[in-house]
Amino acid sequence: MALQVGIVGLPNVGKSTLFNALLKEQQALAANYPFATIEPNIGIVPVPDPRLDVLAKIVKTTVLKPATVEFVDIAGLVKGASQGEGLGNKFLAHIREAAVVCHVLRDFDDENVIREGAVSPKEDLHTVRLELQLADLATLEKQPEPKGSVDRAAKERWQIITAFKNILSDALSINQILHSEQKMGEYGLAQFTPETIAMVLQDLSLLTAKDELYVINVSESALGGDINKATERFASELGVDPERVVVMCNQIESELAVLSDEDRTAYLADLGLEQAGLDRLISTAYKVLKLQSFLTAGEMEVRAWTIRQGIAARQAAGVIHTDFERLMISAKVTSFADFVQHQGWKGVKEVGKLRTEGRDYIMQEGDVVEFLIGK
């Protein structure tokens with residue numbers, strides 16, 4: 001299951017520096033002028049998961065395959081992008097393909113890095129969001145109103161579109177409203193099922209309906225304090241959920257990325273940090289879409305597979321191979337903790353910790369699974 005995060009922001013806020021750090025090599029052009037990134041650069045980044053090392057030792061394999069997040073470095077947006085200013089059309093086309101929008105917001109001062117419209121994290125976010133709102137409004141204005149006698153689905157679709165127009169006309173993002181029952185009621189959306197709203201959103205591919213993350217790119221000196229307090233402060237200033245905010249220094253992350261594990265740990269300790277900003281960002285992105293991992297462990301490989309929370313075993317089997325969803329018979333399941341405590345498949349079976357689950361079993365985070373597939 002692909003999880004694609006689009007890295008967006010005004011020019012020169014540190015997007016490409018962040019992307020380079022994510023890839024641990026200079027695959028994106030990080031230059032000190034606007035539009036250094038013209039085509040989106042795509043990188044596949046592993047989700048940190050120490051469980052894989054533990055499982056690998058138990059089943060005696062050296063092949064580890066973690067879950068991944070796909071990051072896309074998108075050209076810098078400028079005011080007027082919704083009308084095609086700068087590289088606006090490219091920006092808007094590429095961001096539509098992302099599942100999550102990661103706003104990179106500048107909070108560092110460097111006279112050697114020019115500010116291209118960047119003022120403050122709050123103002124920068126407002127500028128980017130406004131362009132996305134204007135682009136969505138233009139999309140909705142193109143939708144034809146149904147005339148005459150129409151079925152219920154068409155009528156509901158138009159009512160939802162009208163509600164979306166009202167939201168955007170109030171300079172709000174659709175995603176903000178959909179996360180508030182009160183706001184959904186105010187805009188007349190509470191009467192529709194989540195499935196009905198989701199169908200309209202899928203059809204229109206609206207930019208402001210996407211989940212959001214916020215990277216605050218600070219100077220090195222700003223990392224010396226309490227990172228949690230800084231996160232709370234920025235979240236309060238932006239009016240967003242602190243669990244979606246990651247405070248980091250992109251330049252430091254770029255330096256950390258090329259160090260050995262030992263030197264990296266020492267560098268983080270000197271900074272007073274327990275975890276690198278990149279690891280926090282990747283894990284946060286994984287959580288925002290309500291994803292989880294199930295694990296497979298054998299002599300061939302140990303692997304983490306990405307699934308959405310709440311899906312059934314048959315759908316999880318389909319992630320491994322599309323035919324498995326149809327052919328799955330049952331699944332042998334145990335928890336990661338039990339697998340480790342009893343040292344593998346044989347151990348959990350002997351103590352009765354290995355269960356046989358059916359096709360409709362709801363997968364849990366950290367399940368260690370072996371699927372039985374028919375013909």
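The values are calculated or read from the model by the stated rules, or taken from the named source; none is laboratory data. All figures in this text were calculated on a predicted structure; none of them were measured in a lab. The accessibility values were calculated without ligands, DNA or RNA, using every heavy atom of the protein model including side chains. Shrake-Rupley method; radii C 1.70, N 1.55, O 1.52, S 1.80 Å.
Tabulated values for the structure
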{"item": "Solvent-accessible area per residue, Å², over the stretch 307-349 with all protein chains present [probe radius 1.4 Å]", "result": "52 Å²"}
{"item": "Karplus 3J(HN,Hα) series, Hz, for the stretch 315-326 with 6.51 cos²θ - 1.76 cosθ + 1.60 (x for Gly, Pro)", "result": "6, 5, 4, x, 5, 6, 7, 4, 5, 5, 4, 7"}
{"item": "All lysines inside 25 Å of residue 60 as judged from Cα atoms, apart from same-chain residues fewer than 8 positions distant", "result": "332, 346, 349, 353"}
{"item": "Aspartates and glutamates with Cα under 16 Å of residue 287, excluding same-chain neighbours fewer than 8 positions away", "result": "49, 70, 211, 212, 241, 243, 279, 365"}
{"item": "Choice from 142, 183, 15 with maximal GNM fluctuation in the chain (Cα, 10 Å cutoff)", "result": "142"}
{"item": "Filter on 122/229; 15/290; 155/210; 183/229; 165/290 - keep pairs with C-alpha separation over 21 Å", "result": "15/290; 155/210; 183/229; 165/290"}
{"item": "Cα gyration tensor shape for the stretch 230-326, rounded if a/c is under 1.5, else prolate or oblate", "result": "oblate"}
{"item": "Solvent-accessible area, 1.4 Å probe, carbon plus sulfur percent, for the stretch 139-248", "result": "47 percent"}
{"item": "Three-way shape call for the stretch 137-223 based on the alpha-carbon gyration tensor, with the a/c threshold at 1.5", "result": "prolate"}
{"item": "Surface accessible to a 1.4 Å probe, residue 102 within the full protein complex, Å²", "result": "0 Å²"}
{"item": "Relative contact order (percent, whole number), the chain, Cα cutoff 8 Å, 6+ residue spacing", "result": "19 percent"}
{"item": "Scaled radius of gyration (Cα, divided by 2.2 N^0.38 Å) that the chain gives", "result": "1.10"}
{"item": "Solvent-accessible area, 1.4 Å probe, carbon plus sulfur percent, for the stretch 281-348", "result": "51 percent"}
{"item": "Gyration tensor verdict on the stretch 162-203 (Cα atoms; rounded if a/c is under 1.5, prolate if a/b is larger than b/c, oblate otherwise)", "result": "oblate"}
{"item": "Solvent exposure of the stretch 235-288 as accessible area per residue, Å², 1.4 Å probe", "result": "48 Å²"}
{"item": "Whole-angstrom gap from the stretch 303-317 to the stretch 189-228, using each part's C-alpha centre", "result": "23 Å"}
